[in-house]
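Written out below as structure tokens is the structure these notes cover.
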Amino acid sequence: MASVDLNKVLDKAWADNSLSEILAAPVSVLKGVSERDGELLQEAFGVKTVADLAELKYVRWAQALAALAAAK
């Protein structure tokens, strides 16, 4: 089972929210992602929420390629 230290990946105000709330939140709740970054992601890819970003095919493709490279 995977685990993540939410304090390391989320803005401080979001670390105590439920996973469903975090997934429904704008991508700017992710540490290092600004509101402007979120706007650009929405313009370019239609990404509005953390869940949208996780489901973005380009993100999945990049993860698959990285996993293949790591398996060599």
Percent relative contact order for the chain, counting Cα pairs under 8 Å at least six residues apart, stands at 22 percent
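Subtracting the Cα-Cα distance from 0.36 nm times the residue separation, let me have the gained length for residue 18 to residue 43 in nm, one decimal.
Numbers: separation 25, 0.36 × 25 = 9.00 nm, distance 2.71 nm.
Gain on stretching residue 18 to residue 43: 6.3 nm.
Over the chain, what number does the Rg to Rh ratio reach, with both radii from the alpha-carbon atoms and Rh per Kirkwood? The partial results should precede the final answer.
Numbers: Rg = 13.4 Å, Rh = 13.2 Å.
Over the Cα atoms of the chain, Rg/Rh equals 1.01.
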Toy charge model, Lys and Arg Cβ at +1, Asp and Glu Cβ at -1: the chain dipole around Cα centroid in debye, rounded to 20, equals 360 debye
Expected max-MSF residue from 25, 13, 54 in the GNM of the chain (alpha carbon, under 10 Å) is 13
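Please give the per residue accessible area of the chain, computed with a probe of 1.4 Å over protein heavy atoms only, in Å². Show your work: numbers first, answer last.
Numbers: 5500 Å² over 72 residues.
For the chain, the solvent-accessible area averages 76 Å² per residue.
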Amide H contacts under 5 Å for residue 10, restricted to residues at least 5 apart in sequence or on another chain and with H modeled in the peptide plane, are 31
Expected unfolding gain across residue 9-residue 65 under the 0.36 nm per residue rule, minus the alpha-carbon gap, is 17.9 nm
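Percent of accessible area on the chain owned by carbon and sulfur, 1.4 Å probe? Show your work: numbers first, answer last.
Values: 3220 of 5500 Å².
Carbon and sulfur atoms account for 59 percent of the accessible area of the chain.
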Any residue on another chain or 5+ positions along whose placed amide H is under 5 Å from the amide H of residue 47 is listed here as 42
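The values are calculated or read from the model by the stated rules, or taken from the named source; none is laboratory data. Here the structure is a predicted model, which means the values were calculated and not measured. Note: ideal-geometry Cβ built from the backbone for every residue, glycine included; neighbour counts use all protein chains shown. Calculation scope for accessible area: heavy atoms of the full protein, side chains included, ligands and nucleic acids excluded. Shrake-Rupley method; radii C 1.70, N 1.55, O 1.52, S 1.80 Å.
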